[in-house]
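The values are calculated or read from the model by the stated rules, or taken from the named source; none is laboratory data. The structure presented is a predicted model; accordingly, all values stated were derived computationally and were not measured. Ideal geometry is used to build each Cβ from the backbone, glycine not excepted, and the neighbour counts take in all protein chains shown. Surface accessibility is based on the protein's heavy atoms, side chains included, excluding ligands, DNA and RNA. Shrake-Rupley method; radii C 1.70, N 1.55, O 1.52, S 1.80 Å.
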Amino acid sequence: MVWFTIYADDIDEVIESLEKCNRRERKGPGLEDIRYMKRWIFLLLSGLMALWLFLIVSFIMIMISAPFWLESQNLPFHVAYPFDLHDPSKHPICHIIIFVSQSCIMLYALIWTLFAEQLSVTIYSELTSDLKTLCMELRIVQERCNGNASLLADEVYDFAKFHQRIISITDRSNEVFNGAFTMQLIVNFLLISLSVFEAMVFWHDPKVAAEYLVLMVMALSHLSYWSKFGDMLTQESLEVAVAAYEAYDPTYGFRSTHTIIWLIIQRAQTPLSVKCRLFPPFNLENNLAVLKQCYGIFNFLLKTMK
């Protein structure tokens with residue numbers, strides 16, 4: 001929350017840059033396909049948002065109700081206050097105040113985090129959508145120009161500027177969200193490792209074990225969620241080179257047009273990704289590497305218990 005507050009102006013700058021990209025809509029062949037693709041991505045994000053909201057609210061309800069069905073727990077969080085203020089038998093009023101404050105703070109913080117996460121994911125999904133749009137327009141540019149070499153030169157020049165704008169926004173987004181991504185990876189790494197360990201320690205108490213297993217599933221899902229969107233961005237950025245090559249026709253167009261297409265292909269050789277400075281990019285391959293490290297820490301913790 002502190003990070004998003006500090007970088008609020010920079011996030012607004014990224015969103016405004018994306019708005020300029022989204023206003024770029026060309027009439028003619030392929031327009032309906034582009035709109036269909038954008039609608040599909042919007043519905044996908046809306047469905048994932050609803051699913052995450054359901055999971056977060058379910059987790060909050062489990063945490064808040066835990067003291068009512070676990071004898072060893074009096075509050076949503078395992079804490080101890082001075083003078084036994086958390087003890088309901090000694091200080092019932094203080095216990096109620098602490099219970100309500102913990103519940104409200106958790107509800108607010110997790111819901112806030114969910115919407116902040118959705119904002120971040122939406123930015124990168126929009127960049128993926130713009131790359132898809134660029135690929136589709138490159139593949140139909142010959143049909144759209146219909147033998148007009150001057151029109152082809154203008155179109156290809158616009159594509160090159162659009163591609164450069166996407167690259168700049170992606171780099172700027174990674175810079176703005178660098179701290180958030182770093183904290184996110186560290187927290188996910190610790191959550192997965194420790195929640196599995198806690199579930200194994202409390203295997204004799206199914207209720208407590210189930211609570212930690214739910215936390216582990218949410219952490220794994222969150223990491224996989226980001227990894228999938230990172231993979232989509234990377235794949236579409238590489239696909240631009242293929243689409244540009246399909247648009248290239250050495251027998252048609254000016255030499256300068258061919259040079260610009262070659263530049264687009266060259267720039268597309270470097271894949272775009274969702275990443276921070278200290279850790280590798282978010283993708284499914286690195287996701288598996290994180291899980292292997294979590295498994296190693298889990299084994300280490302188990303050995304220390306023996």
How much of Tyr7 can a 1.4 Å solvent probe reach, expressed as accessible area in Å² and rounded to 10?
-> 70
So for region 155-251, taking the charge dipole from beta-carbon charges (+1 Lys/Arg, -1 Asp/Glu), which of Gln184, Gln235, Tyr212 sits furthest toward the positive end?
-> Tyr212
Lys, Arg +1 and Asp, Glu -1 on Cβ, resulting dipole of the chain about Cα centre, debye, nearest 20 | 360
In square angstrom, rounded to the nearest 10, how much accessible surface does Glu13 have for a 1.4 Å probe?
-> 80
Only Cα pairs under 8 Å and at least 6 apart count here; give the relative contact order of region 1-155 as a rounded whole percent.
-> 28
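For the full complex of protein chains and a 1.4 angstrom probe, list Cys104, Cys276 by accessible area with the highest value first.
Details: Cys104 80, Cys276 10 Å².
Ranking Cys104, Cys276 by accessible area, largest first, yields Cys104, Cys276.
So what is the relative contact order for region 41-91, in percent, with contacts set as C-alpha pairs under 8 Å and at least six apart?
Computed value for region 41-91: 18 percent relative contact order.
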Helix 178-201: angle to the longest alpha-carbon principal axis of the chain, degrees 0 to 90, nearest 10?
-> 40
Stretch Glu239-Leu110 to full length: gain in nm at 0.36 nm per residue minus the Cα-Cα span?
-> 42.8 nm
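If contacts are Cα pairs under 8 angstrom and at least 6 residues apart, what is the relative contact order of the chain in percent? Let's see the in-between values first.
Values: 282 pairs, mean separation 64.3, N = 306.
Relative contact order comes out at 21 percent.
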Leaving ligands, DNA and RNA out of it, rank Arg277, Arg35 by accessible area with a 1.4 Å probe, largest first.
-> Arg277, Arg35
Residue by residue through region 224-230, which ³J(HN,Hα) values in whole Hz follow from phi under the Karplus form 6.51 cos²θ - 1.76 cosθ + 1.60 (θ = phi - 60°), with glycine and proline marked x?
-> 5, 4, 5, 4, 5, 5, x
Residue-wise HN-Hα coupling along region 43-52, computed from phi with Karplus coefficients 6.51, -1.76, 1.60 (Hz; x: Gly, Pro) = 5, 4, 5, 5, x, 5, 4, 5, 5, 5
On the formula 1/(1 + (r/R0)^6), with r taken between the Cβ atoms of Phe68 and Gln164 and R0 of 51 Å, the FRET efficiency rounded to 0.05 is 0.35
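Kirkwood Rh, region 1-141, all Cα pairs: how many Å?
About 18.9 Å, per the Kirkwood formula over Cα pairs.
Where does the chain land at 222 nm, in deg cm²/dmol rounded to the nearest 500, when only DSSP H runs of n ≥ 4 count, each adding -39500 (n - 2.57), divided by all residues? Can you show the working numbers first?
Numbers: 9 runs with 242 residues, N = 306.
Counting only the DSSP helices, I get -28500 deg cm²/dmol.
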Could you give me the percent of Cα pairs per 10 Å distance bin for the chain, shortest bin first, beginning at zero and ending with the bin that holds the maximum distance?
-> 5, 22, 26, 20, 13, 8, 4, 2, 0
Average accessible surface area per residue within region 183-296, 1.4 Å rolling probe, Å² | 55
Express the carbon and sulfur contribution to the solvent-accessible surface of the chain as a percent, rounded to the nearest whole number, probe 1.4 angstrom.
-> 66
Once phi is turned into ³J(HN,Hα) by the Karplus curve 6.51 cos²θ - 1.76 cosθ + 1.60 with θ = phi - 60°, what whole-Hz value does each residue of region 127-141 show in order, with x for glycine and proline?
-> 5, 5, 4, 5, 5, 4, 4, 4, 4, 5, 6, 5, 6, 10, 5
Which value, in Å² rounded to 10, gives the accessible area of Arg39 with a 1.4 Å probe and all protein chains present?
-> 120
For peptides 139-146, 229-236, sequence by mean Cβ density within 10 Å, most packed first | 229-236, 139-146
Cα gyration tensor shape of region 122-278, rounded if a/c is under 1.5, else prolate or oblate by comparing a/b with b/c | prolate
